[in-house]
1. For a test of the definition: using alpha carbon positions, the gyration tensor, and the 1.5 limit on a/c, classify the range B:47-237 as rounded, prolate or oblate.
2. Looking at chain A only, what percent of DSSP beta bridges run antiparallel? Nearest 5 please.
3. What's the local net charge at A:TYR102, with K and R +1, D and E -1, over the other residues with C-beta under 12 Å away?
4. Just tell me how shielded A:288-299 is by partners: mean number of partner chain Cβ atoms within 10 Å of each residue's Cβ, no decimals.
5. Please give me the summed charge of the neighbours of A:PHE184: other residues whose Cβ is under 15 Å from its Cβ, Lys and Arg +1, Asp and Glu -1.
6. What number, rounded to the nearest 500 deg cm²/dmol, is the helix-based mean residue ellipticity at 222 nm of the protein assembly as shown, given -39500 (n - 2.57) per DSSP H run of at least four residues and division by all its residues?
7. Test of understanding: ordering B:SER103, A:SER57, B:SER81 by Cβ neighbours within 10 Å, fewest first, what list do you get?
8. Once you have the alpha carbon radius of gyration of chain A, what is it after dividing by 2.2 N^0.38 Å, with N set to its residue count?
Amino acid sequence: MNPGRVYLFLLIAEDALLLYNITPDRTPLMATPLQILAKDESLTREEDRKRKDQSLSRPRVNHKIKSYFNNMIDGVISPILRLKINRSACNMQCQHCCEEPYMTRDLIKRTGAMDQRRQMTLDDYKKLSDESDELGIFRFVITGGEALLDKSLGDLFIALDPMKHLIILDTNGWYFDEDKARWFADQGGYKVQISLDSFIEVEHDKFRNKPGAYSRALNAFKAAKESGLELLLSTCLVKDRVFSPEFQDMIAYCDEEEIPLYVTLAKPVGSARDHNDWVCTKKDVDEIKLLEQKYQIFTHMTPNYGQPGKCITVKGINTVNHDGEIIPCPYMDLSIGNVTKEPLRDILERGMLNKWLGPYRDECLIGENFNFIDFHNQTVSDHLEHSPYLPVPYESGFGRISSVTS
Amino acid sequence: MFDLVGRFIPHSSQSTYREPCSDFYKLNLPFPNQLKVRDHPDKSVEIDHVNDSLSHLLSKIKTDNQLSNILNGPTLPFFISKTSIPDIGERLEKIDFPSLSNSFCKAFPKSHFKAIIQDNLQLVERLHPYPSTRYDLFLDHISRSSVVGYYFPLAFNQFSISSQRSCMNSLPTHIPVCLSGPIEVSSVLTSYPSILFDKTSYSPILCLSGVAHYDARLIACFKSYGPHLEFWIISNCLLPGVEQVSEQWSGGLTIYHPI
């Protein structure tokens, strides 16, 4: 982008951008009909390319994407549903893990027993898939812990239906070798997100408490590419890391390998609850926004699908816990309802009308808003005094916050 | 009418994010109590005459029983040259956005200014003054003479767009006022490009509710995206049939005087 020039982007309901280039003498050029895309718009160009692919391979998904784009101005949402499966079982024990309190190993340590709550069945996931399809939702992320530990994963994919939804796998890469990558692609899998938290091998292995984690992750990238899967590298950013040489090396690797780099901000939750020192400042987050101009790097708050960058609670993503509780953000521990007990539509509407969650805000609520972080962590702390299970049910957490319409 | 921080006191029927208003989002005000313009591009009007007119306007506001408390909030001066481009969108594309872009990118060379429109048509012939906001009168004035004024960006902080507009029914008519729109806010941002750029805090989104898009679901605003400045036409819908009410959205009031 050329500083001093004004670029006017018009985002139309079809998959294209119309670019007005206003020259310094203020004479607007005639608008060309389609697709003048500068390099720094490449993520949107990628969205366009991916949508064209879906029109051929997954027409139902393509239809839902177009419908969402046509109706988003009316306030229609189409969030990602992130499914935590297999009781979040994991082969690693990462220092920043937000899932540890949900895992059987942690529950046994604290209570002597597994989670006693009813867990989602394949029939529940099938029903969820059907409800989501009716609502125009088109993306499922499968995660854990480590999702590949689940021996019924193939049955889950069938229940979710990879022709109706894009199935995205979250993995630490340990088990994602060439055979697994081919298998995932053959099952109808769409994309894999592989975690790598440092480009220094010994640091990543130490952070993950697993020697060999780094080399397995790098091999997983290779395996994913060879199987023709969409791919991204997911990394956790702690305070000041964005300015480090290690992070620059990671960016360079992703640039060279053409792997989109997805950055999550460290949150003071789960295993990192006492680590406010890891929480990113605005200075860190602003630096990422500068880097977005040059590289294929993005956060969950990067502008996408024609919308400004913003907090995506409820509207952009919801986590489905193993027992059906819906959590409006991957890093929160407060529920907005249980999908095995009431319709998904009602739960999402309730979430959108919650004053913390629905209304527009730029900042990451659980990552940057200390007013919310204090409310969240105090609520979790109070809840854990009389129950070992997370998330905090709606009535005890978000249910105490007023609605937009009240 | 306005409280101790210069914010309009909402009626019970008006929709705001919460009361009392929170202060999570902050403007980066360049210098306190700067109530005069430092420079302006129209050399046919002397800077001293501009600032004398501003001082005169300021005195009127200070002595007005209904408006004086608005000066407790951020107060940003502007000057608009007489212009004869009647279409708001055309004027923004030809005059205001290029000036703003030059000013912002000069101040912050690593950052960008973008205008992004969530619609399938252009800005030209798509924006018009919203009835009852008195922005039509403001446009009429700037078509006949240069105008000086003050922009109060937090006057309707955390009000919904429809409530910002309904507030104008209560505003006095003996001093020219209007709900703020893109022309004078562009001018302010051109003069003070760092207002929405703070290293430690997120800034409010400056709603330009004096204008409406021909698609009533859309609204216009200026916002920062990290170190960048952006103009957006975006949806005003939280859900189908439910209007957005955001802690971050702020409507402004413009008080002005032709010179």
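Bear in mind these aren't lab numbers, they're just calculated from the coordinates by the rules spelled out. Being a predicted model, the structure only gives us computed values, none of them experimental. Note that we place each Cβ from the backbone using ideal geometry, even for glycine, and neighbour counts take in every protein chain shown.
1. It is rounded, given that a/c, with a ≥ b ≥ c, falls under 1.5.
2. Bridges in chain A that DSSP calls antiparallel: roughly 30 percent.
3. -2
4. Mean shielding by partner chains, rounded to a whole number: 2.
5. Within the 15 Å Cβ shell, the charges total -4.
6. Dividing the helical sum by the residues of the protein assembly as shown leaves -9000 deg cm²/dmol.
7. Ascending number of Cβ neighbours within 10 Å: A:SER57, B:SER81, B:SER103.
8. Its radius of gyration relative to the 2.2 N^0.38 Å reference: 0.98.
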